[in-house]
Each structure stands twice: as C-alpha cells, then as structure tokens.
Amino acid sequence: MGTEVISGEGSLSVLSRWEGEGLLLVSTQGDGKVQKAVQAARWGKICRLEVFGEPALSRVMEGVQLLKQEDCTVVVGLGDGRILDCAKAIRGFSQKAAALITIPTAPGCGREVTAEARLLHRGQYHRFAHESLQPTATVLDSTLLGDLPRGSRGEGGFCLLAQALESFSHREAGELCRLFAREGFSACWGALPGFWGGRAGMEGRVQMASVLAGFARSCTGGGLCQALAEAVGAAVHRDPEPLTGIFLPGVIRCNLHAAQRQYAQLARAAGMGGSSDSISGENLLKGVIRLRRELGLPQSLAQAGISPGTVWSSSREILGQVLSAPGCRTNPVAVDDYLLRRLLEEVTGRK
C-alpha cells in the first residue's frame, strides 16, 4: 500500500537503518516517549520541531525551512494523528527526498499510513492529499500506548470505528477497500473495551486495526461523520476527533435504510448479527450507542463542554463546510441542508 508496517517487540530498532543520518523529529513538548525513540538509532544530528495542539500551516512551513536549512534526510513524526499529519506535510511541502517515518502514540484513523494531512489555517481545516505525503514506514510499538488515559483511548478507538464504518459503506468502495474496512472495524470492536480498561495485549490489536482502517481510508477518503466533527471542531476551536463519537450514531441512523446491507455485514463481522439485514443493522446502531456509554464518552456536544448556542450561531459556516467536504458526495444517502440540521439538532438537544 506504499508504507512499510513494522510491528512487534523491538520494532523501534528499525530506526537503525538510518544510522548516521540527520533527523528532523516532530513531536510534542516534553514527550517522555521521545527519548526512547531517539535512543533506538545513532543519528548523525537531531533537529526537533515541537507542535502544540492542531497542526497549523504556519508551523508546517517552519518545519519545511528547518528541514532544508539543517539538511536532514529523515523526518520522524512521533505522537498522535495531529503530529503525524504535521510531519507528513513537512516532508511533502519541502519537495525533498527524505525518508518519512511515523510512530503513533495514540489510536486514530489510520493517519500513520495515509498519503494525506489535515491542517488548520485561518480557523478552517484543509485536507492535502499527495503521494509525497505517503510515509516510508510506520513503526507500531505497543508500549508507547501504555500510559494513555482512558478518555484518549475511548475517543481514539471511536474515531477508528467511524473511519472503518464510513469506508465500508462508501458508495464507491471496492472489494479490497471493504475487506480492509471490515477487518479494521471488527478488530477494533473486539479490542476496544479491553484497551480502554487497560488489559494487556490490546494495544497492538488496536494499532493494527488502525492500520487496516488507514488502508481503507486511502481508497475512499473521509466521510460525513468526520466532516461534521471537523466543521464543528473548527467553529468552537476544539480537536475534532473526540467529537466523532457524538455524531456517529446519528450518521448511522440517517444511512440505515440505504446502507442496510453494508451495516449488516459489519454487524455480523463484529458478532452482532441478527436473523435479517434490518435486524443486524439495528443491532449495529444499538451496539455503537451502548459501547459509547460504557466507555464514558459524551453523547452530546453539551456533555463535551460545547455550548449548543455557540454551534448554532456558527451553523451557516458549519453547514457550508460540511456540504463542501468530499465525503458528503459519497455518503450512502444524499446530504443536504435539512439532513445536516437534523443531525445538529440531535447532538445539541434542539428541536
């Protein structure tokens, strides 16, 4: 698929392939996991770019200048999906033939293997997709996920479920894409409760599920649930990934009739199948709602600390951004202003 996947015990040792070369390390400030990764190889020199919050385009351009000035030949992104997007954009925008290594430290939507990046610029999210953003390799070290708080585990896992589900029900998805999406969904569904609860061995299963969902995403791109989370997140200055679980049940409910067969297949793969496609689809919806509650995730924007009034005051901008998102054009049912308002009403409690 374009990115080599290295996993298992001692996987960080693969960094020794680039021993003696110059490294640009993209990570967060004071990340204790950085030292472990850096010690896994004898770099010629190390330059570091620290990223805070959402990756802004201006910060990416600082990294591009640093990459060129210091003549680094390897870019390593170590962190969550936002950090990985920043590292990918730096290598891509620099137009430099540098190796790009992603090392995820949190579950997400498979951004460690996709040739795209989401960047914030002037209050809006912009997606960039190009082969130059494709990572050379991703290193899956399950020990790097060991100290994640429960909230981050649940939010990241639900974002992964949403990505796999929307790739599977994408109107133009092919059989190979659906294979990746189905396996990613069922693997995450089975591992997420244990991963959230801190059960040993679940980190690696969630990481592989993320890779599978990422491969599916490479074929289809994002979907309606993600577009809603990004538009609302930009309007209220919040990370969109934690909002994905709030919108997912409503999106499933809207698509339930049109995507009944696909939802039934996912439900059966995850062990929630029924005697018919309609019953299986309903089981999928109920299962998602139940799992969200069991993981203690917010069920509305208000529970996530977002004022419904703030959302509705920016509703015109939010709806416009969602309607222009590519994922809306391939949603199982046609997306229009009325449908989007219904979804916003559901998550804000407004009737």
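The values are calculated or read from the model by the stated rules, or taken from the named source; none is laboratory data. All of these numbers come straight from a predicted model, not from anything done at the bench. Neighbour counts are summed over all protein chains in view; Cβ atoms, including those assigned to glycine, are modelled from backbone coordinates with ideal geometry.
Return yes when A200 is free of Cβ contacts under 8 Å to residues at least 40 places away in the same chain and either surrounded by 18 or more Cβ atoms within 10 Å (Cβ to Cβ) or in contact with a strand residue (DSSP E or B) (Cβ under 6 Å, 6 or more places away or on another chain) (or both) and no when it is not. Against the criterion (free of Cβ contacts under 8 Å to residues at least 40 places away in the same chain and either surrounded by 18 or more Cβ atoms within 10 Å (Cβ to Cβ) or in contact with a strand residue (DSSP E or B) (Cβ under 6 Å, 6 or more places away or on another chain) (or both)), A200 does not qualify. I'd like to know if the range 176-184 contains one or more residues that are modelled with pLDDT of 95 or more and closer than 20 Å to I246 by Cβ. Taking every residue of the range 176-184 in turn, none turns out to be modelled with pLDDT of 95 or more and closer than 20 Å to I246 by Cβ.
Tallying residues that are assigned to a loop (DSSP other than H, G, I, E, B) and either closer than 27 Å to S218 by Cβ or not assigned by TED's automatic domain parsing to the domain that holds A259 (or both) within the range 323-348 yields 8.
With respect to V26, is the statement that it is within 28 Å of G233 (Cα to Cα) and either surrounded by 14 or more Cβ atoms within 10 Å (Cβ to Cβ) or in contact with a helix residue (DSSP H, G or I) (Cβ under 7 Å, 6 or more places away or on another chain) (or both) true? Yes: the conditions hold for V26. Could you list, in sequence order, all residues of the range 199-229 that are out of contact with any helix residue (DSSP H, G or I) (no Cβ under 7 Å at 6 or more places or on another chain) and either in the same structural domain as H130 (by TED's automatic domain parsing) or modelled with pLDDT under 90 (or both)? The answer is A200, G201, S218. Got at least one residue in the range 160-171 being outside the structural domain of V14 (by TED's automatic domain parsing) and surrounded by fewer than 24 Cβ atoms within 10 Å (Cβ to Cβ)? Yes: one or more hits. One residue stands out in the range 38-51 among those that are assigned to a strand (DSSP E or B) and under 25 Å from the mean Cα position of the chain (by Cα): the one that is farthest from E116 (Cα to Cα), namely R48.
Cβ-Cβ contacts under 9 Å between residues 6 or more apart (or on different chains), taken from a first residue in the range 204-226 that is free of Cβ contacts under 8 Å to residues at least 12 places away in the same chain and hydroxyl-bearing (S, T, Y) to a second residue that is buried (at least 24 other Cβ atoms within 10 Å of the Cβ) and assigned to a helix (DSSP H, G or I), are absent.
Out of A41, A37, report the one residue that is at pLDDT below 85, more than 27 Å from L212 (Cα to Cα) and crowded, with 19+ Cβ neighbours inside 10 Å. Checking each option against the conditions leaves just A41. Scanning the range 1-20 for residues that are surrounded by fewer than 18 Cβ atoms within 10 Å (Cβ to Cβ) and assigned to a loop (DSSP other than H, G, I, E, B) yields M1, G2, G8, E9, G10, E19, G20. The combined condition, being under 29 Å from G320 (Cα atoms), touching a helix residue (DSSP H, G or I) at 6+ places or on another chain (Cβ under 7 Å), buried (at least 18 other Cβ atoms within 10 Å of the Cβ) and of a type in the set (K, R), is not fulfilled by R182. Of the residues screened, R290 is one that is at pLDDT 95 or above, surrounded by fewer than 19 Cβ atoms within 10 Å (Cβ to Cβ) and closer than 17 Å to G154 by Cα. Here S152 does not fit the description of being over 22 Å from V38 (Cβ atoms) and over 17 Å from the mean Cα position of the chain (by Cα).
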